[in-house]
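Following: one structure in structure tokens, then a few remarks.
The values are calculated or read from the model by the stated rules, or taken from the named source; none is laboratory data. Since the structure is predicted, the reported quantities are computational estimates derived from the model, not experimental observations. No Cβ is skipped: glycine too gets one built from the backbone with ideal geometry, and neighbour counts run over all protein chains shown. Each accessible area value is taken on the protein alone, full model and side chains, heavy atoms only, with ligands, DNA and RNA left out. Shrake-Rupley method; radii C 1.70, N 1.55, O 1.52, S 1.80 Å.
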Amino acid sequence: MTGEVSGIYTRLYPGGSPGRGGVMNCWNLRAAQSFGVSLVAGMAMSAGASASYAALPPVQVSNDRFDPSAKLVGPELKVDPFVGIDHDSRLRTFIDKKTGEVANQLYVHITYTGKEWKFYETASDDTANFLPLKKITSDSSHCDKLFGCIYTEDVVVEFDEATLEGREGKIYEIKLSPKFGDGLIITVSTEQIALQLAAIREIQETLADKAAGRVTLPKPLPPQGEGASVQVAQGGDVVLATARKVLEALGYALEPMSADGTSFSTLPTDHKFTQKEADCGTGLGIPFLWDSRTKTRVSITVSVASGRLTVRSGMDGILEVRGFGAHEDKPLSCTTKDAFAGEVLQQIQAALPQP
């Protein structure tokens, strides 16, 4: 039970004791135990493993000309059981630019408490196929003679392209078996698989276009929210031409006009958002947009219909993670606010010629 209470404690205070800069102490653990016993008894049956499936961010793609492979890192799925083993998992894909070979991995970060290591060694899937498992890193911290330590183990499980494609529209379950203790079942959601497959196919199309000498450009980010709009007296052609000049002057790369000539979008462009302009969530209660490691991009869509000019924007973002045992940038769930579209609209409106 002490290991379980330690687990409860670290979920309540992820950095350790709130009173001692992240270092656990027996007094606080006993305080946790005083309410933890009854809390576990009341919640263990209903708690189970709580997974965060909501609004998964997009797959992050690294595909610069200096790397022999394109790297695709899928969104992280967190499972935080009230009593048990925390684990975060995400799909990773490496596509060889010369051969087109696709290598898939499931990267798993495992956290547990106790008095000994589990040492995860082997993996198999829900069809009883054994899968290669590689150990990446391990660490222990907050050790206490009475309650043990907090242990972390990072592993990757490897599987081929056909395996992932065969799970389209389905979940994929992988069991990690340790040297000591019970196995841990990781569920890869249908959403994770769908996002990864879409990103893989897009990169494969890009590589095929390059091999054939066709030029491909990044796609605009989809618009979010209603945006901002205003009635205009000028004709649609004049308004859109003015908007293109304004956005080009601001440093945006433009896509061609739509087939019906009523709208256009910009390609993704780096932009440092403020909280007034966007929301990327929080970490430990602190907005990610406050963090200098947060990098964001934006696309702008401008349209004219029935004499009304509308500006909408869409964005994505990552938190750059370097060192201290971290291995992947963190994709963020970011959305622009209408205030940003409103600022762009005002600049376009101010540049319009008098009717």
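Collect the residues in segment 122-157 that are in contact with a Lys or Arg (Cβ under 9 Å, 6 or more places away or on another chain), open to solvent by less than 40 Å² (accessible area, probe 1.4 Å) and either under 22 Å from residue 92 (Cα atoms) or acidic (Asp, Glu) (or both), keeping them in residue-number order.
If the condition is that a residue be in contact with a Lys or Arg (Cβ under 9 Å, 6 or more places away or on another chain), open to solvent by less than 40 Å² (accessible area, probe 1.4 Å) and either under 22 Å from residue 92 (Cα atoms) or acidic (Asp, Glu) (or both), then 123, 124, 125, 153, 154, 155, 156, 157 are the ones that fit.
Can you go through 160, 144 and tell me which one is in contact with a Leu (Cβ under 8 Å, 6 or more places away or on another chain), acidic (Asp, Glu) and at negative phi?
Working: 160 fails: in contact with a Leu (Cβ under 8 Å, 6 or more places away or on another chain).
Within the list 160, 144, the selection yields 144.
Could you give every pair whose Cβ atoms fall below 8 Å, whose first residue belongs to segment 131-155 and is farther than 16 Å from residue 118 by Cα, and whose second residue is assigned to a strand (DSSP E or B) and open to solvent by 40 Å² or more (accessible area, probe 1.4 Å), counting only separations of at least 6 or pairs across chains?
What qualifies is 131/158; 132/158.
Output the strands (runs of 3 or more DSSP E) that fall wholly within segment 158-257 and possess 3 or more residues being open to solvent by less than 60 Å² (accessible area, probe 1.4 Å) and among the aliphatic types (A, V, I, L, M), or say none.
184-188
Does residue 108 satisfy the condition of being touching a residue at least 24 places away in the same chain (Cβ under 8 Å), at negative phi and open to solvent by 10 Å² or more (accessible area, probe 1.4 Å)?
Answer is no for this residue.
Would you mention how many residues in segment 330-355 are without any contact (Cβ under 8 Å) to a residue 60 or more places away in the chain and closer than 17 Å to residue 281 by Cα?
0
With the requirement that a residue be assigned to a strand (DSSP E or B), among the hydrophobic types (A, V, I, L, M, F, W, C) and surrounded by 21 or more Cβ atoms within 10 Å (Cβ to Cβ), what does segment 274-310 give you? First the steps, then the outcome.
Here is the first cut: in segment 274-310, the residues assigned to a strand (DSSP E or B) are 278-279, 282-283, 286-287, 294-305, 308-310.
Those left that are additionally among the hydrophobic types (A, V, I, L, M, F, W, C): 278, 286, 298, 300, 302, 304-305, 309.
Scanning segment 274-310 gives 278, 298, 300, 302, 304, 309.
Filter segment 84-103 down to residues that are touching a helix residue (DSSP H, G or I) at 6+ places or on another chain (Cβ under 6 Å) and crowded, with 22+ Cβ neighbours inside 10 Å and give me whichever is farthest from residue 65 (Cα to Cα).
Among residues in segment 84-103 that are touching a helix residue (DSSP H, G or I) at 6+ places or on another chain (Cβ under 6 Å) and crowded, with 22+ Cβ neighbours inside 10 Å, the one farthest from residue 65 (Cα to Cα) is 91.
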